[in-house]
Amino acid sequence: MFTLKQLKPTRLGFGEGLKSLGEKYPNVVALGADITSSVSVNFFKEAFPNRFFSFGIAEQNIMGAAAGFALGDKIPFATTYGVFSALRATDQVRISICYNNLPVKIGGAHAGISVGPDGATHQALEDIAIMRVLPNMTVFSPCDATQTKLATIASVEQVNGPAYIRFGREAVPDFTTEDLPFEVGKGQLLKEGKDITIIATGHLVWEALQAAYQLEKQNIDVRVINIHTIKPIDEDIIIKAAKETGLIVTAEEHQIYGGLGSAVAEVLVKENPVKVKMIGMNDQFGESGKPEELMQKYGLSSGHIAEKVIEMNKQKRNNERPD
Amino acid sequence: MPLTNDIQELKKFSLEIRKDVVRNLAEAGSGHLGGSLGLADIFTCLYFNILNHKPDMPDWDHRDRLILSIGHVAPVFYAALAHSGYFNPKELITLRKLGSRLQGHPGKEHGLPGIELSAGSLGQGLSVAVGLALAGKMDKKTWNVFSIHGDGELQEGAIWEAAMSASHHQLNNLVALVDRNYVQIDGKNSDVMEIEPLKDKFESFGWKVLSCNGHHHKEIIDTYKKAIDWKKGPVVIMAKTHMGKGVKSIEDDYHWHGKAPKPEQVDAFIKELEQKQ
């Protein structure tokens, strides 16, 4: 059983991971987009001022320049808010980075509606969809601050080409430890279960676990899988869950179109079609509010996940009942 | 080391490159003739004189880096690479064909030696050149970065983001060249979207601006040498060229930006090219 260690923004995990990479690899450089503290690049900048380059508020140029650094044998981290790195500069990411298959690591900060009061313009809800459709791109969506640090390190140590690392602004439950191995493309079975599986990503993994623990009391045995690598996705763990539990609920802080839910469904329709209930943003923009208020309003809390599981489980039992 | 300093020799290479551009585009049945002919003298000067490179060692660490931002002039780029020794010029005829290493716009993953960057979406190359130049400076490398742009391309906003950053980072190892032929697909730059005053624009962005006749080999080489010697920051060369240069009947006609000659036009075009010499 996973327990809460502390509340910690995942962006800090990114900043710590980047700094530790800086200590280990002299060719790691970071490019700043004016919001260096906000995206936690300041740890690296303070430790390695000569390997930090300021580019101002110019996201297209940052992505192109990062490609240039990579051509010059560097491993550049280009980091800005997810809305900008995935959307403002998509063409640079597609051609200069992905088509050239260069080891540029892109940080996407302020993912999801949990950004809170800044509102819709700054809440990245489409970045997974954009990034995972690009050839050569690896896409990470780690579950907490500790795992974000591991994903950041893995983006250099386990990925030769481009990688996108998604993380959030607000303090969220930090519950994994560095002992939980981070293997690119491998889903993590965090809780066994036979009745139904929740496949989650980002900090909704914690919400999924809470839902599962809560449902134990109602005798619903829920499996929880953390997909920290959206691409390449772990097909085996998804297909196995579908075969063994029959029903799948996906949970993510992202549009249901194109995100984790879609990625899971793409795997299942090929191999083992089962019903998938997708929890996420339903083709809509977010708004201002406190993160927890928004999570409630848009149905992304553990309570909402539990409701969906109960509903699906009822249908399953009804279907199984002999006439 | 320059492959040659002999201007007559350079002119001969330019002619060979132009003939190849005409033949290969006709064979391909599509592609960009105008800019490819217009840049033939500049590419000749770069690959046979200016660039410090070893065609038999495309990954040689000390080589100068050429970033072709306007990937659509691939035919002249490929011809310069082939004639300077990167690969057999016989392969040029495979341009744009299925399975060819000579993609419509340069694509490194297809394995053609000499391509630094897969590119073709306009407005990206200067940013890449900036990052590469910064990486070179970080490691105190002696090589320079040469980027090639179109004048129409300067309408892309990202160019100016990159221009701002090149002077901010004092990139004195970066020389950009603008193929200043005053035309683009839809017509004259001044009709489509005015880009002047270019000299003022680049100077106000912190660049040293030089200009040359983009068809005069000695002037091109001298201007590049001056640009390389300028150590205060980035340099841009405004190279005045004529789209379609060498084939008198199509020169300066913007309709030839994105067109290939028909097979039956090849002999006449090559005859015109030879008359020019």
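Throughout, read-outs are computed from the coordinates displayed, never taken from laboratory work. Bear in mind that the values here come from a model prediction, so they are computed numbers and not experimental data. Please note: Cβ atoms are built from the backbone with ideal geometry, for glycine as well, and neighbour counts cover all protein chains shown.
Structure summary
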{"item": "Enumeration of residues in the range A:39-61 that are away from every other protein chain (no Cβ under 14 Å) and out of contact with any strand residue (DSSP E or B) (no Cβ under 7 Å at 6 or more places or on another chain)", "result": "A:40, A:42, A:43, A:46, A:47"}
{"item": "Top-ranked residue in the range B:41-93 [being more than 16 Å from residue B:113 (Cβ to Cβ) and out of contact with any helix residue (DSSP H, G or I) (no Cβ under 8 Å at 6 or more places or on another chain); ranked as surrounded by the most Cβ atoms within 10 Å (Cβ to Cβ)]", "result": "B:71"}
{"item": "Matching option when the condition is crowded, with 24+ Cβ neighbours inside 10 Å and either of a type in the set (D, E, K, R) or within 12 Å of chain B (Cβ to nearest Cβ) (or both), among A:112, A:108, A:64, A:82", "result": "A:64"}
{"item": "Of residues in the range B:150-164 being in contact with an Asp or Glu (Cβ under 8 Å, 6 or more places away or on another chain) and either more than 13 Å from chain A (Cβ to nearest Cβ) or over 17 Å from residue A:67 (Cβ atoms) (or both), the one surrounded by the fewest Cβ atoms within 10 Å (Cβ to Cβ)", "result": "B:151"}
{"item": "Number of positions in the range B:165-193 that are within 14 Å of another protein chain (Cβ to nearest Cβ) and crowded, with 18+ Cβ neighbours inside 10 Å", "result": "8"}
{"item": "Selection status of residue B:111, in contact (Cβ under 8 Å) with a residue 40 or more places away in the chain and on the phi > 0 side of the Ramachandran plot", "result": "no"}
{"item": "Residue match in the range A:87-94 (condition: out of contact with any Asp or Glu (no Cβ under 8 Å at 6 or more places or on another chain), among the charged types (D, E, K, R) and facing another protein chain (nearest Cβ under 7 Å))", "result": "yes"}
{"item": "Members of the range A:69-79 that are under 27 Å from residue B:58 (Cα atoms), in contact (Cβ under 8 Å) with a residue 12 or more places away in the chain and at the interface with chain B (Cβ under 10 Å from one of its Cβ atoms)", "result": "A:69, A:70, A:71, A:73, A:74, A:76"}
{"item": "The range B:121-136: number of residues that are assigned to a loop (DSSP other than H, G, I, E, B) and either facing chain A (nearest Cβ under 7 Å) or crowded, with 24+ Cβ neighbours inside 10 Å (or both)", "result": "3"}
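To keep it simple, each residue is scored yes or no on (1) in contact with a helix residue (DSSP H, G or I) (Cβ under 7 Å, 6 or more places away or on another chain); (2) part of a helix (DSSP H, G or I).
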{"site": "A:7", "(1), (2)": "no, no"}
{"site": "A:11", "(1), (2)": "no, yes"}
{"site": "A:17", "(1), (2)": "yes, yes"}
{"site": "A:20", "(1), (2)": "yes, yes"}
{"site": "A:26", "(1), (2)": "no, no"}
{"site": "A:43", "(1), (2)": "yes, yes"}
{"site": "A:60", "(1), (2)": "yes, yes"}
{"site": "A:63", "(1), (2)": "yes, yes"}
